[in-house]
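The structure appears below as structure tokens.
The values are calculated or read from the model by the stated rules, or taken from the named source; none is laboratory data. It should be emphasised that the depicted structure is a prediction, and the values quoted were computed from it without experimental measurement. Methodologically, a virtual Cβ is constructed for each residue, glycine included, from the backbone with ideal geometry; neighbour enumeration extends over all protein chains shown. Note: accessible area is taken over every heavy atom of the protein model, side chains too, but ligands, DNA and RNA are not part of it. Shrake-Rupley method; radii C 1.70, N 1.55, O 1.52, S 1.80 Å.
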Amino acid sequence: MLSGRRLFTVALTLSAGVACSNDLENSYIFDGRSNRKILFRSQFIEFDQLIEFGMAMKVGIVVVLLAVASICEAVAIFHPISESHRSAALELFSPVAGSFSSLEEAYEALRTFEVLGIEKKPDIKDHTCNSVVDALSSMSSNSRDLYHALRVNGLLKCKTSKEALTGIISRLKDAVKDSTSLLDYYHAIGGLLLIKDQSSEVDVLLENADGILRSIKALSQSDGRWRYSSNNPESSTYAAGLAFETLSGVIQLAASAIDENLIGTLKKDIVKLFDSIEKYDDGSYYFDDKHIDVSGHQGPLSATAAVVRGLTTFASTSESLNIPEDKILGLARFFLGIGVPGNSKDLYYQIDSLSHLENNRVSVPLVLSLPATVLSLTSKDKLKVKVSTVLGSIAPPLSVKLMQVFSSGSKDASVLKQELHFDPKEAIHMLDALPEGVDIGKYVFAFEIVLSDPEDKRKFATGGRTKVPVHVTGVVKVDDAKVAVLEGDIVESEKKLDLPGKNDLALSANHLQKLHLSFLLTTPFGKPFKPHQALLKLRHETGVEHIFVVENSGRHFEITLDFLGLVEKFFYLSGQYDIELTVGDAVMENSFLQPLGSIELDLPKAPEKATQPPPQAVNPYLRYGPKAEIAHIFRAPEKRPPQEVSFAFLGLVLVPFLAFLVGLLRLGVNLKNFPTSTIPATFAILFHGGIAAVLLLYVLFWLKLDLFTTLKTLGLIGTFLMFVGHRTLSHLASASAKLKSA
Amino acid sequence: MVKPATTKDDAHALFHSLRSAYSATPTNLKIIDLYVVFAVFTALIQVAYMAIVGSFPFNSFLSGVLSCVGTAVLAVCLRIQVNKENKEFKDLPPERAFADFVLCNLVLHLVIMNFLG
């Protein structure tokens, strides 16, 4: 719907403004580069409506958020490498049992320590040197192991023999000839380059440098990424970084000069790779690999680190690489913006990349940071700015100018061009006094770095204008505070308050009267100030609370509670109400939450249908405290009869059995039919014996056996019994048949 | 003068005729009848015990009573099959019926022993 769309775009800009400005009032933001003025105006009520609108359009909110991200440019601070990085390195790279688990990890740890200036322990050196010498002398090491061992050797300078190195050189040269994948080339070329740096009189130069360059270049793709091998279609930015490092190595190891056109195409490839660079809001640039590649590396950190390594090594071999300096600065900001990483690999990537950026030949990024972004007017804090390289080293001679101060809350953005004065002892640029008109509040200070030596402009990247958020705090004066009870418009009783000090009022009012509270808030510069919170709370003796917002007009804050209208809100509860006033803001140094005393309210009785006050929360300590102990009542055993009764009945039960036996005798039972001849007799005896055995088994089953053994034994006896019984009974049957026929 | 036939005299006469008829049954059937009576009496005594002391444990009571009742039932079946005057089971040798009786009793008592607890 058309109106729906219009509402949607309005919602978009409103929400963008609200999200960007962190403040619910009028604010301007000037975007220096494009001279765009984006006006955001929003008020409390509109924000509520916006939220409801957003809730209704679920898809819309997602788009709104995305648009917000693209419209506003957040300001951020980047700090160079500091002591916290050093202590993190010591913690993360602690070797297990005196040695590192692999030469790759050893290299990462040692390189990080070297860049950060941390001393290596001698026992670690010995252990690692042993592994290095082992790896270098072993015949089964492939070019990857040799590469890592040589890297560590370069840092530790272990004692290696010349013969070992010469042997390795020939193996690596063969590896270069036989290489098919990017990683093979990377390890072999890297190894040869390291040997060249570590020992002087060796011949590591490559004959067919042009050919090698072409075969590596064949793995490149049109979008700037590189593939790992010709038969693997996976490509990644990480591989591109490795490729550039390898290519620069080949150029350095070339025996004869390389075709200039080839180098020119490689430079174009780097520039093409930089087309795929991505950006965060705070001005950091990074590369990202969308999918996990062959070596398992993923994420922007490893990809960006690889590209930075490749770029800086390639730039060191050839002049005039055309990368814009804001991208280099953006890459530096990306690495600094991580802060202190949590695991060793990330820390290595960060420190290694920053050390490459520190000394690169394209442009060295300079970082502007503020040691303190909260300045207090009361303690007359001076604005201090530090400019250094990414590793914290001293920058070339330059001057820092404060160009503009943007404030949220007033319409002007003053254009200043004030130069900060440099203190060489602390290497800090200072502003002795804050610019005129900087009252308490949130500001964005825009600085510009101007290099003293014009030659440095090509070497260093300063980044134009750097915007930094600054909070200026101060003491807010609370004046002329008074509270009054009004009858109609006539003041009945008025008391002066001492804010923010202690007060103890004892007022009383009935439902026909009003309570009026007023005070003035002034900033240190005498301007009106609207705090984030100005709340009046009335709490009944039963615990029911009511909170009211104190409205203002300019400097004057006042609130009138008309009890006639509030009777229902107060649930008709009469009695003593404690009064509390809260005035607070982030930039107000003397925010307070003061109990002012109490007021005795006399409200009419509640009608029958009135709403009940909400139940008060149970004291959390009681609610979650221990409950009454339950004594477990075990199941009472059933009442059993006395033993005499049981025995009596046992005897009684046997009586019918005896009667049965007596009856049998009376009937004249005889064993005449019992077979007399031996074999049938034994079978008959066995038959009866078998039945007796089964009955005995049942008794045992009842007494102690379990069902399974019983069934097993029963099976055995049963088969026996069946056989025997069959013989006996068939013998008897034939005997009686003979008798019948006879 | 002929005395009018009272119910008491009729009962006596019935009883006497039953007795004389019963004594004509073969001995083996009488043995089986005796066995049935024995089993039933045992069951009755168990029920009386339960009535006095309560039904805990109920499974034992059930197994006791059911063993008596079950064996009585099986004895009745045996009597039916063994009775020569019963034309239905003319071709069934009595030894076969006895073998069935023994087998069924053994199975019944296994179950009873299991349930006795």
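Observations, loosely collected:
- Peptide B:45-51, shielding by other chains (average Cβ, 10 Å cutoff): 3
- Isotropic mean projected area of the C-alpha convex hull, region B:76-117 (nm²): 3.0 nm²
- Geometric descriptor of region A:479-521, per residue, is 68 Å³ (volume of the convex hull of the Cα atoms).
- Measuring spread by the Cα atoms of region A:436-486 yields a radius of gyration and Dmax of 21.8, 75 Å.
- Remark: region A:688-703, residue by residue, has Karplus-estimated 3J(HN,Hα) of 5, x, x, 4, 4, 5, 5, 5, 4, 4, 5, 4, 4, 4, 5, 6 Hz, where x stands for each Gly or Pro and the curve is 6.51 cos²θ - 1.76 cosθ + 1.60 at θ = phi - 60°.
- The shape of region A:638-742 can be summarised by an equivalent ellipsoid whose semi-axes, obtained from the alpha carbon gyration tensor, come to 36, 24, 9 Å from longest to shortest.
- Look at the stretch A:724-735: the mean tally of other chain Cβ atoms within 10 Å of its residues' Cβ atoms is 3.
- Cα-based equivalent ellipsoid, region A:252-399: semi-axes from gyration tensor eigenvalues, Å: 33, 20, 14
- Binning all Cα-Cα separations of region A:405-495 at 5 Å, short to long from zero, yields these whole-percent fractions: 3, 9, 13, 16, 13, 10, 7, 7, 5, 4, 4, 3, 3, 2, 1, 1.
- Helix A:325-337 axis, angle to chain A major axis (alpha carbon atoms, nearest 10°): 40 degrees
- Shielding by other protein chains, A:710-720, mean Cβ within 10 Å: 1
- Cα-derived Rg over Rh, computed across region B:1-100 with Rh taken as Kirkwood radius: 1.16
- Rolling a 1.4 Å probe over the protein heavy atoms gives chain A an accessible area of 55 Å² per residue.
- Computed over all pairs of different Cα atoms, the Kirkwood value for the hydrodynamic radius of region A:544-663 is 23.0 Å.
- Chains A and B, summed buried accessible surface - 1.4 Å probe, Å², nearest 100: 2600 Å²
- √(5λ) per eigenvalue of the Cα gyration tensor, region A:304-370, largest first, Å: 21, 14, 8
- Highest mean packing comes first when the peptides A:130-140, A:622-632 are listed by Cβ atoms within 10 Å, giving A:130-140, A:622-632.
- Here the relative contact order of chain A, from alpha carbon pairs under 8 Å that lie six or more residues apart, stands at 8 percent.
- Size descriptor, Kirkwood hydrodynamic radius, that averages inverse alpha-carbon separations across the protein assembly as shown, Å: 39.6 Å
- 5 Å-binned pair-distance histogram of region A:156-206 (Cα, whole percent): 4, 21, 33, 23, 13, 6, 1
- Atom-type composition of the exposed protein surface of region B:49-117 places 69 percent of the accessible area on carbon and sulfur (1.4 angstrom probe).
- Vicinal HN-Hα couplings computed from phi for region A:375-388 (Karplus, 6.51 cos²θ - 1.76 cosθ + 1.60; Hz; Gly/Pro x): 10, 10, 6, 5, 9, 6, 5, 9, 6, 10, 10, 10, 10, 8
- Over 25 Å between alpha carbons, listed pairs A:Lys345/A:Lys386; A:Lys740/B:Lys87; A:Lys196/A:Lys268; B:Lys30/B:Lys90; A:Lys527/A:Lys569; A:Lys267/A:Lys386: A:Lys345/A:Lys386; A:Lys196/A:Lys268; A:Lys527/A:Lys569; A:Lys267/A:Lys386
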